[in-house]
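*Asks:* The structure is given below, and queries will be raised subsequently.
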Amino acid sequence: MKKLSTKIWGLIVLFLLVTITFMYVLTEYLYEQLYVEDTETTMIEVGEKLLTKYKGGKVTDQFIEEVEEFNTYSNFDVFAVRNPRELSACVPFEIDYDALIGPNERKELLLGNAVTKIGYEERFERQIISVIMPLTDQNRLEGIIYLYYPLAKISELANKDVFMIIGCAIIFSALLGFFVYEGIRHIMRPLNDLQQAVEKMSDGHYETRVTVTSKDEIGKLSEAFNEMAASIEREDEAQKNFLATVSHELRTPISYMKGYSEAILQNFIDGKEKEEAISLIAREANRMERLTNELLELARTSNEQKFELYPIVLAETIRDAISLLEQKSAEKNIEITTSFDEEIIVEGHEEKLKQIFINTIENAIRYSNNDSTISILTKIVKGNAIIEIIDRGIGIPEKDLPHITERFYRVNKARSRSDGGSGLGLSIVDQLVKQHQGSIKIKSELGKGTTVSISIPLMEE
């Protein structure tokens, strides 16, 4: 598997190759379009100026001498001849007259137009550009002005500075390589830190965090990793707390049941004490059964089981839940008052909804004072059914409110069997409400009571 740094280097090399290719093509283009065309244009301008010296008629020796005199000071080689075939005696290379002035070229010359030729010449080992200017009089070609110039090669254009260019290229490449190396090392450092942190996390070190040094994509990835690590650490701590809670909750009833059952079997107690012992064993067995059922229910909701939703009359479902808890409310002399909108129909699962209301109302009863009141009401707000369960009990500390629906979380860390449950009830409620595409909000004031608001979408018409 290739390292990311190798891929980055490969990408840089690819970009360099593309850049070099582009520069080569651009140089060829500039050579052709600027250097060659500029040379051609200059030669034509020189030829046109020389033509102004020709007054018509036969080409005189004086005119030829004037052109040759100009040739002494010109960058180009310039000759004037009466017969184009005489050029072979003037230029240092052989000229194929038929190729030089064919029918088409002769036609252009007779029209007074210049003819340009570019071709390779072995004598100079390079391209030769030549311009033929016509000397015409009354549609007769009396002679020509011939200008030619050996074009420089691209390599020759920078021949003087070649060593400087090579040196600069080496220095530039070295500096580029250094900065690219440092840049890649800087980019890869947080990724390497992330890799090491992930390896530590896989070994169970959930407290591992990485330092966020930037706000780019890597910085956001580091922040996401830290959030994930914090979440896993919380979950791990919650699991440990849960195991400790379950162990405590199970150990106590099991020890009671074991001790009293052995005492009964060995006839250490009898009469009224025996009946009380049997009653205690039955009560502890019920607690164990309830805890086991809650654990099973939590496992089911955590797996996000899909269940069929169908129209439910909300008021009837809540009344069914209240009727199942009448005995518990009567034990504390708690009055449950209701105010229902009988027209509210939601899409839900009857048993799951009933479980939501049983858990919530049971919590309200457990943490309400004796001889108090619990109010339950329903209403419609923005296309959702709102169920509010209000008690006047002991309330919940503000610091515990954000965590109250977390799995395994208990407000009472002492885990008293008399004043608290297993810490799973509201977590189950939260999961079931989410499976109904709803939400739950809890407001509470210590010593004054708690309001639980459950929102469930109405049935679509």
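*Asks:* Please name whichever of SER88, TYR148, LEU296 sits farthest to the positive end of the charge dipole of the chain, dipole taken about the Cα centre and charges placed at Cβ: Lys and Arg +1, Asp and Glu -1.
*Replies:* Sorting the options by dipole projection puts first LEU296.
*Asks:* Report the local net charge at THR136: Lys and Arg +1, Asp and Glu -1, summed over other residues whose C-beta lies under 13 Å from its C-beta.
*Replies:* On the way: positive: LYS55, LYS58, ARG82, ARG106, LYS107, ARG140; negative: GLU108, ASP137, GLU142.
For residues surrounding THR136, the net value is +3.
*Asks:* Continuing with this model, one more query. In nm, to one decimal, how far is the ARG126 label point from the LEU243 one, both placed 7 Å along Cα→Cβ?
*Replies:* For the pair ARG126/LEU243, the computed spacing is 8.6 nm.
*Asks:* At a 1.4 Å probe, what is the % contribution of carbon and sulfur to the accessible area of the chain?
*Replies:* Ligands and nucleic acids excluded, carbon and sulfur give 53 percent.
*Asks:* Among [x] 65; [y] 40; [z] 32, only one was calculated for this model; which label is it, if the read-out is percent of Cα pairs over 34 Å apart?
*Replies:* Of the listed options [x] 65; [y] 40; [z] 32, [x] comes from this structure.
*Asks:* Once Lys and Arg get +1 and Asp and Glu get -1 on their Cβ, which of PRO253, LEU243, GLN431 lies farthest toward the positive end of the dipole of the chain?
*Replies:* PRO253
*Asks:* Right, next: In the chain, with Lys and Arg counted as +1 and Asp and Glu as -1 at Cβ, which of these residues, ILE44, ILE264, LEU109, has the Cα nearest the positive end of the dipole, that is, farthest along it?
*Replies:* Checked the options; the winner is ILE264.
*Asks:* Return one whole number: the accessible area per residue of the chain in Å², for a 1.4 Å probe.
*Replies:* Accessible surface, normalised per residue, equals 62 Å².
*Asks:* Can you bin the range 34-135 into rounded, prolate or oblate? Criterion: square roots of the alpha carbon gyration tensor eigenvalues sorted a ≥ b ≥ c, rounded for a/c under 1.5, prolate for a/b above b/c, oblate for the rest.
*Replies:* The shape class here is rounded.
*Asks:* Also, I was wondering about something else. Quick one: putting +1 on the C-beta of Lys and Arg, -1 on the C-beta of Asp and Glu, what dipole do you get for the chain around its Cα centre, in Debye to the nearest 20?
*Replies:* Computed about the Cα centre, the dipole is about 1540 debye.
*Asks:* Here is a follow-up. Simple spin-label model, 7 Å along Cα-to-Cβ: MET228 to ILE264 in nm?
*Replies:* For MET228 paired with ILE264, the spin-label model returns 5.4 nm.
*Asks:* Can I ask one more? Taking the simple approach of a point 7 Å from Cα along Cα-to-Cβ for both LEU34 and PHE172, what is their distance in nm?
*Replies:* If labels sit at LEU34 and PHE172, their model points lie 1.5 nm apart.
*Asks:* Here's a follow-up. For the Cα atoms of the chain, what angle does the longest principal axis make with the long axis of helix 271-302, in degrees from 0 to 90, nearest 10?
*Replies:* The answer is roughly 20 degrees.
*Asks:* While we're on this one: Pairs LYS58/LYS107; LYS200/LYS220; LYS220/LYS399; LYS328/LYS352: which exceed 23 Å Cα-Cα? All intermediate terms of the calculation are to be shown ahead of the outcome.
*Replies:* Working: LYS58/LYS107 20 Å; LYS200/LYS220 20 Å; LYS220/LYS399 29 Å; LYS328/LYS352 21 Å.
Table pairs above 23 Å Cα-Cα are LYS220/LYS399.
*Asks:* Now a separate question. Express in nm, to one decimal, how much length is gained between ARG283 and THR337 on full extension, taking 0.36 nm for each residue of separation and deducting their alpha carbon distance.
*Replies:* Values: separation 54, 0.36 × 54 = 19.44 nm, distance 2.95 nm.
Extra length from ARG283 to THR337 when fully extended: 16.5 nm.
*Asks:* Going by alpha carbons, how many degrees (0 to 90, nearest 10) lie between the helix axis of 217-265 and the longest principal axis of the chain?
*Replies:* Once rounded, one gets 20 degrees.
The values are calculated or read from the model by the stated rules, or taken from the named source; none is laboratory data. All of these numbers come straight from a predicted model, not from anything done at the bench. A quick note on method: Cβ atoms are made from the backbone with ideal geometry, for glycine too, and the neighbour counts reach across all protein chains shown. Heavy atoms of the whole protein, side chains included, go into the accessibility calculation; ligands, DNA and RNA do not. Shrake-Rupley method; radii C 1.70, N 1.55, O 1.52, S 1.80 Å.
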